[in-house]
1. Taking the range 111-167 only, how many residues are closer than 30 Å to residue 185 by Cα, assigned to a helix (DSSP H, G or I) and within 17 Å of the chain's Cα centre (by Cα)?
2. What are the residues in the range 110-126 that are at pLDDT below 90 and either touching a strand residue (DSSP E or B) at 6+ places or on another chain (Cβ under 8 Å) or of a type in the set (A, V, I, L, M, F, W, C) (or both), if any?
3. Going through the range 64-109 one residue at a time, which ones are modelled with pLDDT under 70, part of a helix (DSSP H, G or I) and either under 18 Å from the mean Cα position of the chain (by Cα) or loosely packed, with under 12 Cβ neighbours inside 10 Å (or both)?
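The values are calculated or read from the model by the stated rules, or taken from the named source; none is laboratory data. None of these values were measured; they are calculated from a predicted model. All Cβ positions, glycine included, derive from the backbone under ideal geometry; neighbour counts span all protein chains shown.
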Amino acid sequence: MSANTSHLPTNITAKDSAKQFPNVIHESGGKLFCTVCNIVVEHKRKSSLDRHFSTAKHARRMSVQEPTRQVTITEAVARKSIASSERNKICEDWVATCTALNIPLSKSDHPAMRKFLFENVTNGGAIPGFHQLQEKYLGNVYLKEKEALRKRLAKKPVAVIFDETPDVEGRCVLNILIAPLEKDESGRILAYLADTVFLEQSQCLWSSVCRNMT
């Protein structure tokens, strides 16, 4: 160990030093930064801080600008990750709410809805338009809801319901629903759509019945 560092105190951390001058210096990633000068400063010697504070550069910056807090790359990446996580959460929560209430995602593009989300919902301005909600978030919400339903119905008796109906284009659609045989917290028995299958005309019972009636 060199002579100029062997006598430095080892129990003083950058965070400890930052507490002494909270508006002038700050700690990030174990290093001590001068907030106004955006440089790393020695934190184990108070004399080093005093020398830096007495420099003309520091005095000039203190007098002409507001402190700009510098952060390490690790902290910056962590902040970006948190922001991305919060954006994903609000978007997925919004998609889950709309689908649960049968509100078309396209309503998210309405000016009145945009205004409401921006002014009244925390992080509501991060909710994108209909197309991005559908392409980026709807699939994730579906998979999460499907997994939650699987856990909710695990080891419970259920009824499987097959419902065949034509769609607006005249195609045969078979909806497969699952209904638990036990009432939920509200005292109701709800049926959940498990899958939707598009049938060929030859497989369609509805089509066969119509042909026989004509």
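1. 9
2. The answer is 117, 118, 121, 126.
3. Once the filter is applied, which keeps residues that are modelled with pLDDT under 70, part of a helix (DSSP H, G or I) and either under 18 Å from the mean Cα position of the chain (by Cα) or loosely packed, with under 12 Cβ neighbours inside 10 Å (or both), the range 64-109 yields 64, 73, 74, 76, 77, 78, 79, 80, 81, 82, 83.
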